[in-house]
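*Asks:* Structure provided below as structure tokens; questions to follow.
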């Protein structure tokens, strides 16, 4: 699905890929979040000398857990993608140049890893359901957005006790 026939690309110089990738697709497996609906990909692959340039966009809705209370948060992913595959570079050199290595005698180019990497970087690691989210009580685990608890919120570190006594004298 996200593979490009390099022979066909050499003939046509430009290939358009419009795909809808299921939220349960193996492409998204083992991500720290999941997609709430299918992901829409619109890519244009073109030959630029010996390089292959991929431009496009990805649209979808990621479902993440709030960093404070763990409730579901929907995050809209609208990311522009631009990446280059270059021939004649080693993987280490490709990483330094921020390109992907294109094997010399390949007949097919698989875009899945590059697309996955760009989508992973487009989604924030931490989100909050609301700016006023109070999260969980660190002592008893009560969701402080739904109810309150009787736990003391002030932590007293015994290492500071001597300084507190000096301050009070």
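*Asks:* Looking at 81, 9, can you tell me which residue is assigned to a helix (DSSP H, G or I) and surrounded by 15 or more Cβ atoms within 10 Å (Cβ to Cβ)?
*Replies:* On the way: 81 fails: assigned to a helix (DSSP H, G or I).
Of 81, 9, the one residue that is assigned to a helix (DSSP H, G or I) and surrounded by 15 or more Cβ atoms within 10 Å (Cβ to Cβ) is 9.
*Asks:* Say whether the condition of being crowded, with 17+ Cβ neighbours inside 10 Å, touching a helix residue (DSSP H, G or I) at 6+ places or on another chain (Cβ under 9 Å) and either modelled with pLDDT under 95 or outside any strand (DSSP E or B) (or both) is met by at least one residue in segment 54-68.
*Replies:* Scanning segment 54-68, I find no residue that is crowded, with 17+ Cβ neighbours inside 10 Å, touching a helix residue (DSSP H, G or I) at 6+ places or on another chain (Cβ under 9 Å) and either modelled with pLDDT under 95 or outside any strand (DSSP E or B) (or both), so the answer is no.
*Asks:* Is it the case that some residue within segment 94-102 is assigned to a loop (DSSP other than H, G, I, E, B) and closer than 28 Å to residue 50 by Cβ?
*Replies:* First pass over segment 94-102, keeping only residues assigned to a loop (DSSP other than H, G, I, E, B): 98-99.
Checking the rest, the ones that are also closer than 28 Å to residue 50 by Cβ come to 98-99.
For segment 94-102, residues assigned to a loop (DSSP other than H, G, I, E, B) and closer than 28 Å to residue 50 by Cβ: present.
*Asks:* From the list 115, 73, exactly one residue is surrounded by 12 or more Cβ atoms within 10 Å (Cβ to Cβ) and within 30 Å of residue 11 (Cα to Cα). Which is it? It would help to see each step written out before you state the result.
*Replies:* On the way: 73 fails: within 30 Å of residue 11 (Cα to Cα).
Going through 115, 73 in turn, just one is surrounded by 12 or more Cβ atoms within 10 Å (Cβ to Cβ) and within 30 Å of residue 11 (Cα to Cα): 115.
Conditions (1) closer than 18 Å to residue 71 by Cβ; (2) at pLDDT 95 or above; (3) outside the structural domain of residue 69 (by TED's automatic domain parsing), marked per residue:
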position: 109; (1), (2), (3): no, no, no
position: 126; (1), (2), (3): yes, no, no
position: 150; (1), (2), (3): no, no, yes
position: 154; (1), (2), (3): no, no, yes
position: 167; (1), (2), (3): no, no, yes
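*Asks:* Which of the residues that make up segment 88-100 are at pLDDT below 90 and either surrounded by 15 or more Cβ atoms within 10 Å (Cβ to Cβ) or touching a helix residue (DSSP H, G or I) at 6+ places or on another chain (Cβ under 6 Å) (or both)?
*Replies:* Of everything in segment 88-100, those that are at pLDDT below 90 and either surrounded by 15 or more Cβ atoms within 10 Å (Cβ to Cβ) or touching a helix residue (DSSP H, G or I) at 6+ places or on another chain (Cβ under 6 Å) (or both) turn out to be 89, 94.
The values are calculated or read from the model by the stated rules, or taken from the named source; none is laboratory data. Note that the structure is predicted; figures quoted are calculated from it, not measured. FYI the Cβ positions are ideal-geometry reconstructions off the backbone, even for glycines, and counts take in every protein chain you see.
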